[in-house]
Amino acid sequence: MLSEAGQQLVVAPEGFAPIDQIKLLTPDVAKAVADDAAVRETFTQLFGGWR
């Protein structure tokens with residue numbers, strides 16, 4: 001982790017959003033686990049299974 005002063009030195013590369021505008025997505029882990037089998041089945045239907 002950077003100190004407050006260190007954070008002020010970090011600049012996003014040209015063409016990227018400013019760091020203070022970047023938002024992290026917080027995953028819904030329980031939903032991901034619950035949906036895992038259905039997502040895998042859909043993927044297999046779309047792209048086929050292992051051969």
Accessible area per residue, Å², the chain with all protein chains present, probe 1.4 Å: 106 Å²
Loop-only GluC sites (Glu not before Pro) in the chain, please: DSSP not H, G, I, E or B, and at most 16 other Cβ atoms within 10 Å. Glu14
Stretchable slack from Ser3 to Asp35, in nm (0.36 nm times residue separation minus alpha-carbon distance): 7.6 nm
Phi to ³J(HN,Hα) by Karplus 6.51 cos²θ - 1.76 cosθ + 1.60 over the stretch 18-29, Hz, x for Gly, Pro: x, 4, 6, 9, 7, 10, 8, 8, 9, x, 8, 4
For a quick check of your reading of the filter: which chymotrypsin sites (Phe, Trp or Tyr not before Pro) in the chain sit in a DSSP loop and have no more than 11 other Cβ atoms within 10 Å? Phe16, Trp50
May I ask for the Kirkwood hydrodynamic radius of the chain, worked out over all distinct Cα pairs and given in angstroms to one decimal? 15.1 Å
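The values are calculated or read from the model by the stated rules, or taken from the named source; none is laboratory data. What you see is a predicted model; the values in this text were computed from it and never measured. Because the Cβ atoms are built from the backbone with ideal geometry, glycine has one as well, and the counts that use them run over all protein chains shown. In case anyone asks, the SASA skips ligands and DNA or RNA and just uses the protein heavy atoms, side chains included. Shrake-Rupley method; radii C 1.70, N 1.55, O 1.52, S 1.80 Å.
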